[in-house]
Structures are given as C-alpha cells and as structure tokens.
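The values are calculated or read from the model by the stated rules, or taken from the named source; none is laboratory data. Values in this document were obtained by computation on a predicted structure and should not be read as measured data. So basically every Cβ, Gly included, is an ideal-geometry build from the backbone, and we count neighbours across all protein chains shown. Accessible surface is based on the protein model in full, side chains and every heavy atom, while ligands, DNA and RNA are left aside. Shrake-Rupley method; radii C 1.70, N 1.55, O 1.52, S 1.80 Å.
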Amino acid sequence: MAELHIRKLKCVKKDDVIGKDEASLQVNGATISGPHVLGKGDSVTLTATRAFTGSIKVTLVDEDAGKDDTLGSVTITETQAGIGTLTAFFNALPSADYHMTYDVHS
C-alpha cells in the first residue's frame, strides 16, 4: 500500500476566458480538494492525502455553471514511492495548463 501526498496546484494558464477557474482535484472520481479559485500564476498549497494500492487516477476539473471542463488526468502508481517530489501536468485542453506537485510514500 502507498500514500499519495498532493502538495501544490499551480495555474500556468487558466481555462475560463472571463474570471478565474474553479479548480477541483478528484481521485478515482471523488473530489478530494477544491474548488480553488485560481488565475494565471496563482497556486494553492495543499495537504491532500490518499492511500492506495497499485495505482490511482487524479483528475483536475474546472467547475463551471454549465458542464464542467476536465482539464486532464494522470495515473499515479505505487512504483513512484520514495522517488521524491514529482510534478504532474494537466493540459488536456489547449486553453489550460496546471501543474500539481506531489510525492508518494510506501
């Protein structure tokens, strides 16, 4: 069993044309952090943790009044335990770019 520690989420490029994004992190479909109101250059320090076996999927979603936008997903595996601080990139849409700093412990 491993444990994911999400440390920081940074907005490099926001999705919304007007105003700031309302970004939420989901693990295996369940929201674990957010919504965080972020614009270009903004970041938020997080202390979100999640225990898992094998792998888990982390998805970043921009919550909107209508349909939410999925900004990307990454799969994190137990084999990353002990590597140190890692960065995941959420840029599935051309209009957005977010970086998530995390580490995995066994």
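In a shell of Cβ-Cβ distance under 13 Å around THR47, excluding THR47 itself, what net charge do Lys and Arg (+1) and Asp and Glu (-1) give?
Net charge around THR47: +1.
How long are the semi-axes of the equivalent ellipsoid of the chain, defined as square roots of 5 times the Cα gyration tensor eigenvalues? Whole Å, largest first.
Details: eigenvalues 116, 35, 25 Å².
For the chain, the semi-axes come out at 24, 13, 11 Å.
Under a 1.4 Å probe, what is the accessible area of the chain per residue, stated in Å²?
52
Could you run the Debye sum over the Cα atoms of the range 13-59, one equal point scatterer each and no solvent, and tell me log10 of I(q)/I(0) at q = 0.28, 0.29 Å⁻¹, two decimals?
-1.07, -1.11
Tell me the carbon and sulfur percent of the accessible area for the chain, rounded to whole percent, probe radius 1.4 Å.
Using a 1.4 Å probe with all protein chains present, the chain comes out at 51 percent carbon and sulfur.
What spacing in nm lies between the two simple spin-label points modelled at THR79 and LYS40, each 7 Å away from Cα in the Cβ direction?
Those two pseudo-labels are separated by 3.8 nm.
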